[in-house]
Amino acid sequence: MVKQIRPAIMLIVLMTVLTGLAYPIFITGIAGVIFPHQAAGSLIERNGKVIGSDLIGQSFTGEKYFHGRPSATTDTDPNDSTKTVPAPYNAANSGGSNAGPTSKALIERVKGDADTLKKENSAPVPVDLVTTSASGLDPDITPAAAEFQVPRVAKARSLPTDQVRALVAQATQDRLLGILGEPRVNVLKLNLALDTLK
(Lines give C-alpha, C1' and ligand atoms only; values in the text may rest on other atoms or scores of the structure.)
Protein backbone atom coordinates (compact mmCIF):
# COMPACT_ATOMS: atom_id res chain seq x y z
CA MET A 1 0.00 0.00 0.00
CA VAL A 2 2.88 2.40 0.75
CA LYS A 3 4.17 1.77 -2.78
CA GLN A 4 0.89 3.11 -4.14
CA ILE A 5 0.43 6.04 -1.74
CA ARG A 6 3.98 7.40 -2.07
CA PRO A 7 3.81 8.07 -5.86
CA ALA A 8 0.36 9.65 -5.43
CA ILE A 9 1.63 12.00 -2.73
CA MET A 10 4.72 12.88 -4.76
CA LEU A 11 2.56 13.60 -7.81
CA ILE A 12 0.28 15.86 -5.75
CA VAL A 13 3.29 17.79 -4.40
CA LEU A 14 4.87 18.06 -7.87
CA MET A 15 1.66 19.24 -9.54
CA THR A 16 1.00 21.71 -6.71
CA VAL A 17 4.44 23.24 -7.18
CA LEU A 18 4.10 23.32 -10.98
CA THR A 19 0.51 24.50 -11.34
CA GLY A 20 0.15 26.37 -8.05
CA LEU A 21 3.48 28.21 -7.94
CA ALA A 22 5.72 27.95 -10.99
CA TYR A 23 3.08 28.51 -13.68
CA PRO A 24 1.36 31.52 -11.99
CA ILE A 25 4.72 33.16 -11.26
CA PHE A 26 5.84 32.61 -14.85
CA ILE A 27 2.62 34.00 -16.35
CA THR A 28 2.59 36.96 -13.93
CA GLY A 29 6.16 37.79 -14.96
CA ILE A 30 5.29 37.65 -18.66
CA ALA A 31 2.19 39.82 -18.09
CA GLY A 32 4.27 42.36 -16.18
CA VAL A 33 6.68 42.67 -19.11
CA ILE A 34 4.13 42.69 -21.96
CA PHE A 35 1.29 44.62 -20.23
CA PRO A 36 2.86 46.55 -17.32
CA HIS A 37 -0.05 49.01 -16.84
CA GLN A 38 -2.69 46.28 -16.78
CA ALA A 39 -0.60 43.89 -14.66
CA ALA A 40 -0.21 46.62 -12.04
CA GLY A 41 -4.01 47.03 -11.76
CA SER A 42 -4.58 49.67 -14.46
CA LEU A 43 -3.97 52.34 -11.83
CA ILE A 44 -4.49 56.03 -12.60
CA GLU A 45 -2.10 58.50 -10.98
CA ARG A 46 -2.39 62.25 -10.56
CA ASN A 47 0.59 64.21 -9.22
CA GLY A 48 2.33 60.99 -8.19
CA LYS A 49 -0.64 59.76 -6.15
CA VAL A 50 -2.87 56.82 -7.12
CA ILE A 51 -6.44 58.08 -7.37
CA GLY A 52 -8.19 55.09 -8.90
CA SER A 53 -8.21 52.37 -11.51
CA ASP A 54 -9.49 52.08 -15.07
CA LEU A 55 -11.33 48.95 -13.98
CA ILE A 56 -13.20 50.00 -10.82
CA GLY A 57 -15.82 52.71 -10.65
CA GLN A 58 -15.90 55.46 -8.05
CA SER A 59 -18.74 57.34 -6.45
CA PHE A 60 -19.15 60.88 -7.81
CA THR A 61 -22.03 62.85 -6.36
CA GLY A 62 -21.22 66.51 -7.01
CA GLU A 63 -23.11 68.48 -9.64
CA LYS A 64 -19.80 69.33 -11.37
CA TYR A 65 -19.03 65.68 -12.12
CA PHE A 66 -20.45 62.95 -14.30
CA HIS A 67 -22.01 60.19 -12.22
CA GLY A 68 -21.49 56.49 -12.86
CA ARG A 69 -23.90 53.61 -12.57
CA PRO A 70 -25.42 52.91 -9.17
CA SER A 71 -23.44 50.35 -7.18
CA ALA A 72 -25.05 47.53 -5.19
CA THR A 73 -21.93 46.61 -3.21
CA THR A 74 -22.17 46.47 0.56
CA ASP A 75 -19.95 46.26 3.62
CA THR A 76 -20.36 45.09 7.20
CA ASP A 77 -22.32 47.48 9.39
CA PRO A 78 -19.81 48.98 11.87
CA ASN A 79 -22.53 49.05 14.54
CA ASP A 80 -23.83 45.51 14.00
CA SER A 81 -21.59 42.89 12.41
CA THR A 82 -24.59 40.71 11.53
CA LYS A 83 -25.91 43.33 9.09
CA THR A 84 -24.64 45.03 5.96
CA VAL A 85 -24.83 48.62 4.80
CA PRO A 86 -24.52 50.08 1.30
CA ALA A 87 -20.89 50.79 0.36
CA PRO A 88 -20.79 51.96 -3.27
CA TYR A 89 -17.91 50.61 -5.34
CA ASN A 90 -16.56 48.45 -2.50
CA ALA A 91 -13.99 46.43 -4.44
CA ALA A 92 -13.63 44.00 -1.54
CA ASN A 93 -17.27 42.92 -1.94
CA SER A 94 -18.02 42.82 -5.64
CA GLY A 95 -21.48 41.65 -6.57
CA GLY A 96 -24.95 42.65 -7.59
CA SER A 97 -27.97 42.95 -5.33
CA ASN A 98 -29.62 39.80 -6.74
CA ALA A 99 -32.91 41.69 -6.59
CA GLY A 100 -35.21 40.58 -9.42
CA PRO A 101 -37.81 42.48 -11.46
CA THR A 102 -40.51 41.66 -8.88
CA SER A 103 -38.52 43.09 -5.96
CA LYS A 104 -40.49 45.95 -4.43
CA ALA A 105 -37.32 47.55 -3.00
CA LEU A 106 -35.64 47.47 -6.42
CA ILE A 107 -38.67 48.94 -8.19
CA GLU A 108 -38.93 51.74 -5.62
CA ARG A 109 -35.20 52.55 -5.85
CA VAL A 110 -35.23 52.63 -9.65
CA LYS A 111 -38.36 54.81 -9.73
CA GLY A 112 -36.86 57.16 -7.15
CA ASP A 113 -33.60 57.44 -9.08
CA ALA A 114 -35.46 57.97 -12.36
CA ASP A 115 -37.66 60.69 -10.82
CA THR A 116 -34.57 62.48 -9.48
CA LEU A 117 -32.89 62.32 -12.88
CA LYS A 118 -36.02 63.58 -14.67
CA LYS A 119 -35.78 66.79 -12.62
CA GLU A 120 -32.28 67.24 -14.04
CA ASN A 121 -33.13 66.64 -17.70
CA SER A 122 -36.38 66.14 -19.62
CA ALA A 123 -34.77 63.58 -21.99
CA PRO A 124 -35.52 59.87 -21.50
CA VAL A 125 -33.40 58.47 -18.64
CA PRO A 126 -30.78 55.98 -19.88
CA VAL A 127 -31.23 52.63 -18.17
CA ASP A 128 -27.61 52.39 -16.97
CA LEU A 129 -28.08 55.47 -14.77
CA VAL A 130 -30.71 53.67 -12.67
CA THR A 131 -29.56 50.03 -12.78
CA THR A 132 -26.50 48.41 -11.23
CA SER A 133 -24.05 46.21 -13.06
CA ALA A 134 -23.51 42.56 -12.12
CA SER A 135 -20.24 43.38 -10.37
CA GLY A 136 -21.37 46.64 -8.78
CA LEU A 137 -18.01 48.09 -9.80
CA ASP A 138 -18.57 49.08 -13.44
CA PRO A 139 -16.37 52.11 -14.24
CA ASP A 140 -18.14 52.88 -17.53
CA ILE A 141 -21.42 54.36 -18.65
CA THR A 142 -22.96 54.47 -22.11
CA PRO A 143 -22.45 57.53 -24.30
CA ALA A 144 -26.21 58.18 -23.92
CA ALA A 145 -25.83 58.28 -20.11
CA ALA A 146 -22.94 60.73 -20.42
CA GLU A 147 -24.91 62.87 -22.92
CA PHE A 148 -27.85 62.93 -20.50
CA GLN A 149 -25.63 64.54 -17.85
CA VAL A 150 -23.99 67.14 -20.12
CA PRO A 151 -26.47 70.00 -19.37
CA ARG A 152 -26.08 69.59 -15.58
CA VAL A 153 -22.28 69.42 -15.68
CA ALA A 154 -22.00 72.33 -18.12
CA LYS A 155 -24.29 74.50 -15.98
CA ALA A 156 -22.47 73.60 -12.73
CA ARG A 157 -19.09 74.42 -14.27
CA SER A 158 -20.29 77.47 -16.25
CA LEU A 159 -19.04 75.87 -19.47
CA PRO A 160 -20.66 75.82 -22.91
CA THR A 161 -22.58 72.58 -23.42
CA ASP A 162 -20.84 72.07 -26.76
CA GLN A 163 -17.45 72.04 -25.02
CA VAL A 164 -18.60 69.43 -22.48
CA ARG A 165 -20.27 67.42 -25.24
CA ALA A 166 -17.01 67.45 -27.22
CA LEU A 167 -15.17 66.17 -24.15
CA VAL A 168 -17.65 63.29 -23.87
CA ALA A 169 -17.09 62.47 -27.54
CA GLN A 170 -13.30 62.40 -26.98
CA ALA A 171 -13.71 60.14 -23.92
CA THR A 172 -15.99 57.67 -25.72
CA GLN A 173 -14.26 54.37 -26.42
CA ASP A 174 -15.48 52.33 -29.37
CA ARG A 175 -16.05 48.59 -29.53
CA LEU A 176 -12.91 46.48 -29.19
CA LEU A 177 -11.78 45.56 -32.72
CA GLY A 178 -14.99 47.19 -33.93
CA ILE A 179 -17.16 44.23 -32.89
CA LEU A 180 -16.66 43.31 -29.21
CA GLY A 181 -18.58 45.10 -26.46
CA GLU A 182 -20.41 48.38 -26.69
CA PRO A 183 -19.26 52.00 -26.93
CA ARG A 184 -18.54 53.28 -23.43
CA VAL A 185 -17.26 56.22 -21.42
CA ASN A 186 -14.95 55.75 -18.42
CA VAL A 187 -16.40 58.08 -15.77
CA LEU A 188 -13.17 58.61 -13.81
CA LYS A 189 -11.18 59.51 -16.94
CA LEU A 190 -13.94 61.83 -18.13
CA ASN A 191 -14.07 63.63 -14.78
CA LEU A 192 -10.29 63.97 -14.72
CA ALA A 193 -10.42 65.50 -18.20
CA LEU A 194 -13.13 67.89 -16.93
CA ASP A 195 -10.88 69.02 -14.10
CA THR A 196 -8.15 69.97 -16.56
CA LEU A 197 -10.44 72.35 -18.45
CA LYS A 198 -9.94 76.04 -17.77
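The values are calculated or read from the model by the stated rules, or taken from the named source; none is laboratory data. Fair warning: this is a prediction, and the values are worked out from it, not measured in the lab. Ideal geometry is used to build each Cβ from the backbone, glycine not excepted, and the neighbour counts take in all protein chains shown. In case anyone asks, the SASA skips ligands and DNA or RNA and just uses the protein heavy atoms, side chains included. Shrake-Rupley method; radii C 1.70, N 1.55, O 1.52, S 1.80 Å.
Some notes on this structure:
- Condition broken by Lys111, with the remaining ones in (1) over 25 Å from Ala145 (Cβ atoms); (2) open to solvent by 70 Å² or more (accessible area, probe 1.4 Å); (3) not in a loop (DSSP other than H, G, I, E, B) satisfied: (1)
- For region 45-94, taking the residues that are open to solvent by 70 Å² or more (accessible area, probe 1.4 Å) and of a type in the set (Lys, Arg), the one that is farthest from Ala169 (Cα to Cα) is identified as Lys83.
- Residue within region 6-23 that is within 30 Å of Val185 (Cβ to Cβ) and either touching a residue at least 60 places away in the same chain (Cβ under 8 Å) or open to solvent by less than 100 Å² (accessible area, probe 1.4 Å) (or both) present: no
- Single unsatisfied condition, Asn90 versus (1) in contact with a helix residue (DSSP H, G or I) (Cβ under 9 Å, 6 or more places away or on another chain); (2) within 29 Å of Val150 (Cα to Cα); (3) of a type outside the set (Val, Ile, Thr): (1)
- Residues of region 168-196 that are touching a strand residue (DSSP E or B) at 6+ places or on another chain (Cβ under 7 Å) and of a type in the set (Lys, Arg): Arg184 alone.
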